[in-house]
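Derivation of every value follows stated rules applied to the coordinates shown; laboratory data play no part. Keep in mind the model is a prediction, meaning the values are calculated, not measured. Don't worry about glycine lacking a Cβ; one is built from the backbone with ideal geometry, like all the others, and counts go over all protein chains shown.
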Amino acid sequence: MTLKVASSEKSQGVFIISPEGSLDTDTYPILEEKVDLLLDTSPDMLIFDMEKLDYISSMGVRVIAKAKKSLKKSEGKVVMLNLQPQIRKVFEIIKALPSEQIFESVEELDQYLDTMQKETIE
Amino acid sequence: MGMISKQLVLKNAISEMRVLLNTAKEFCKENSISGNVTRDIHLALEEIFSNIVFYGFRDQDEHQIAISLSLSNNTLVLEINDDGIPFNPLESKAPDLEIPLEERETGGMGIHIACELVDEIEYFREQNKNILIMKKNEIFI
């Protein structure tokens, strides 16, 4: 099984990372490397778009946890989008689905980002 | 119905994972086991096997890990034997699930996931071997 990882800058300091395929014991370094590069830029937010991810193991979860840990120090955020049922199941088992960090779609996330931005301006 | 089963013996190398997971997938397919169950046992086997390879041995020697998949009625039975250090997953320290993911210690998560994905787990230590038996029920739904 393979993993491909695409990333793009959604707005300044906000990055979308889209892993595709299987995030497992074999492939997690591919995502980790990408995440580490982005963490080096001190981003405000990393968005993991899981739409095309169909498998995750604990090693994959660790990459997400590591990103969260790193961004927490700088008051950045990690959110996840479009979790497929089998991915959601793993996060549910380990009780790692806080509602404020999970979004059903890009639209839902955009609404949240808009609100956050307004709060910052005010 | 006779016992349908598949045995394999792997080395304690992470490169053996592919053989294990492909064998498990084929076994499920040949026996018309449902997609959900196939996914669950795939992940459970990945977590258990990687844990044995990464943490099971104190020496650098080559060891054998024996795995059997068998089917009886509506239950899939996975048995994993290794001669590594004694490790009972049922008594291993579970991660603290009440604190945020990023604050947790990293150990124990894979074992917890594996345990939750199957219906029954038994562990024995016999003749210096870890014997782990995991059962998954209702495998055709």
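Amide hydrogen proximity for residue A:7: with H placed 1.01 Å from N in the peptide plane, the residues at 5 or more positions away or on another chain lying under 5 Å are A:18.
Highest mobility in the GNM of chain B, judged by mean-square fluctuation with C-alpha springs under 10 Å and restricted to B:76, B:43, B:101, is found for B:101. Computed across chain B, the Kirkwood hydrodynamic radius from all distinct Cα-Cα pairs reaches 15.7 Å. Judged by the ratio a/c of the largest to the smallest principal axis of the C-alpha gyration tensor, region A:1-54 counts as oblate, that ratio being 1.5 or greater while a/b is no larger than b/c. A simple rule links phi to the HN-Hα coupling: the Karplus curve 6.51 cos²θ - 1.76 cosθ + 1.60 with θ = phi - 60°, which for region B:125-141 gives 10, 9, 6, 6, 10, 8, 10, 10, 10, 10, 10, 10, 9, 6, 8, 9, 9 Hz, with x for Gly and Pro. When only the Cβ of Lys, Arg, Asp and Glu is charged (+1, +1, -1, -1), the dipole of region B:1-124 relative to its Cα centre reaches about 540 debye. Across region B:1-61, the mean sequence separation of Cα contacts (distance under 8 Å, 6 or more residues apart), normalised by length, yields a relative contact order of 38 percent. Per-residue ellipticity at 222 nm computed for the protein assembly as shown from its helices equals -12000 deg cm²/dmol, with DSSP H segments shorter than 4 residues left out and the rest contributing -39,500 (n - 2.57).
Region B:32-97 and region B:109-137 have Cα centres spaced 6 Å apart. The mean sequence separation of alpha-carbon pairs under 8 Å and at least six residues apart, normalised by the residue count of region A:16-90, gives a relative contact order of 41 percent. Projecting the Cα atoms of A:8, A:117, A:19 onto the dipole axis of chain A, where Lys and Arg carry +1 and Asp and Glu carry -1 at the beta carbon, places A:19 farthest toward the positive end.
Take the residue pairs A:68/B:6; B:93/B:135; A:72/B:129 and return only those whose Cα atoms are more than 31 Å apart.
A:68/B:6; A:72/B:129
Normalising the average separation of contacting C-alpha pairs (under 8 angstrom, six or more residues apart) by the number of residues puts the relative contact order of region B:1-138 at 28 percent. Okay, which of region B:45-72 sit inside 20 Å, backbone N to the point 7 Å along the Cα-Cβ direction of residue B:83? Residues B:49-68 fall inside that zone.
Binning the C-alpha pair distances of region A:42-122 at 5 Å intervals from 0 yields a P(r) profile of 3, 13, 24, 26, 18, 10, 4, 1, 0 %, listed from the shortest bin outward.
For chain A, the longest principal axis of the alpha carbon atoms and the long axis of helix A:28-39 meet at an angle near 20°.
Expressed to the nearest 5 percent, the antiparallel share of DSSP beta bridges inside the protein assembly as shown is 75 percent. Excluding same-chain neighbours fewer than eight residues apart, the aspartates and glutamates reachable from residue B:25 by a Cα-Cα span under 18 Å are A:24, A:26, A:54, B:16, B:40, B:46, B:47, B:79, B:138. Axis angle, to the nearest 10 degrees, between helix A:58-73 and the longest C-alpha principal axis of chain A: 20 degrees.
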